[in-house]
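Here is the structure we will look at.
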Amino acid sequence: MLTSRKNCLLFSKMSYLIQQRLAMPWMAEYRQVIKEFLKNIHLFHQKDKSEYANKIYKNVEKICYIFTLFVHIQLYFGILLFNVTPTYKNFRAGMYGSNKPVNATYETAVYIYLPFDYVTDIKGHIFVSFMGWFLTCICSTSFCLWHLLLSLMVFHLWGNLKILEHNIYNFPKPANHQMKRIGISWYTEEESKKISTLIVELVNHHRNIMDFISKTSSAYSFFLLLNFSFYQIVGCIILLKCSTLNSEALGNYAPLTVVLFQQLIQISVIFELLGSQSEKIIDAVYGLPWECMKLKERKLVLFFLQNVQEPIHPKACGMIPVGVQTMAAILKACFSYYIMLRTVTTTEEMT
């Protein structure tokens, strides 16, 4: 009974989360985020501005390619293993032979309510098997590609922050126009016009990054909260399913366990990387030669300094920070609940 309840809870939570993710493309806010990413944030728009920007663009593109390849291998392997496992078990049990075992039933990747028999009838079984391939493709795609797209956007945001940091650290210094009275080099009138334009460009670049992060957080906020809730509830269940260590349980649930926890760690570490890079911008702006500027440029630097004070730490629904600390708390809770469920299961088996 407990095993049946665990299966129902596991797949009902997965189905609910998949429906939420499949509904996202119909949200105007989500579509606006993707449009903004392609028009402004993608490093394609930065690569021709400097040699360093082109270098970062190539590095990020290489990272995105390797990461995309890894996720797709993971996706196809999961689909294949989830559907091949019941087929192999049916073949091993002799269900496809002429002498089918008496009272034996076919195993399928999915079990759904249908108006015809598919557990003993070969035609119904073939139909449901093809339906299983279709449904598992949708499930795997919604799980893997949702995280992939969000990760790729974060990689490009990280690249934009790296370019911004480099531009700040390489801000032009004043020429050797010394004020003998106080011994400070000042920008000339011509230099002041140029640096004023450069500061405005830096401020606009940072503002574009922050605006996109704000829109992304708003679009993904509720779904990130659902994502964390899903891992909190389902993580302990799939650990319990794998804990039997038999070939059937490992074949059905081990790949799912690896993928789910890998995705949790992946998205948390990537967002933590973004937050740590944003903190470097604060130190970079502090290093600008404001003491050599005139009052107008100093005001711009002060405005810029105020804008970069808050590091980038997106939160799910404005409550739960997305990062390694939240990831560690979820993993700790999953293992705690797993131990509790394992104890309950062992007690029921003994009684």
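Some values worked out for this structure:
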| read-out | value |
| --- | --- |
| Lysine pairs with alpha-carbon atoms under 23 Å apart, the stretch 111-231, spacing 8 or more or separate chains | 5 |
| Most mobile listed residue (ALA109, ALA219, ALA28) in the chain, GNM with C-alpha springs under 10 Å | ALA28 |
| Rounded tilt (10° steps) of 247-286 against the dominant C-alpha axis of the chain | 10 degrees |
| Most mobile listed residue (GLN263, GLN20, GLN306) in the chain, GNM with C-alpha springs under 10 Å | GLN306 |
| Semi-axes of the equivalent ellipsoid for the stretch 247-344, Cα gyration tensor, largest first, Å | 46, 13, 9 |
| Residue-count net charge about GLU165 - beta-carbon cut-off 12 Å; Lys, Arg +1, Asp, Glu -1 | 0 |
| Cα principal axis extents for the chain, largest first, Å | 103, 42, 31 |
| Highest average packing first - 165-172, 82-89, Cβ atoms within 10 Å | 82-89, 165-172 |
| Candidates GLY235, GLY287, GLY97, ranked by Gaussian network fluctuation over the chain, Cα under 10 Å, top entry | GLY97 |
| Structure-based [θ]222 nm, the chain - -39500 (n - 2.57) summed over DSSP H runs of at least 4, per residue, nearest 500 | -26500 deg cm²/dmol |
| Lysine pair number, Cα distance threshold 26 Å (strictly under), the stretch 254-351, separation 8 or more or different chains | 5 |
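Where a number appears in this text, it was derived from the coordinates with a stated rule and is not lab data. Quick caveat: nothing in here was measured; it's all calculated off a predicted structure. Positions of Cβ are backbone-derived with ideal geometry, glycine not excepted, and every protein chain shown enters the neighbour counts.
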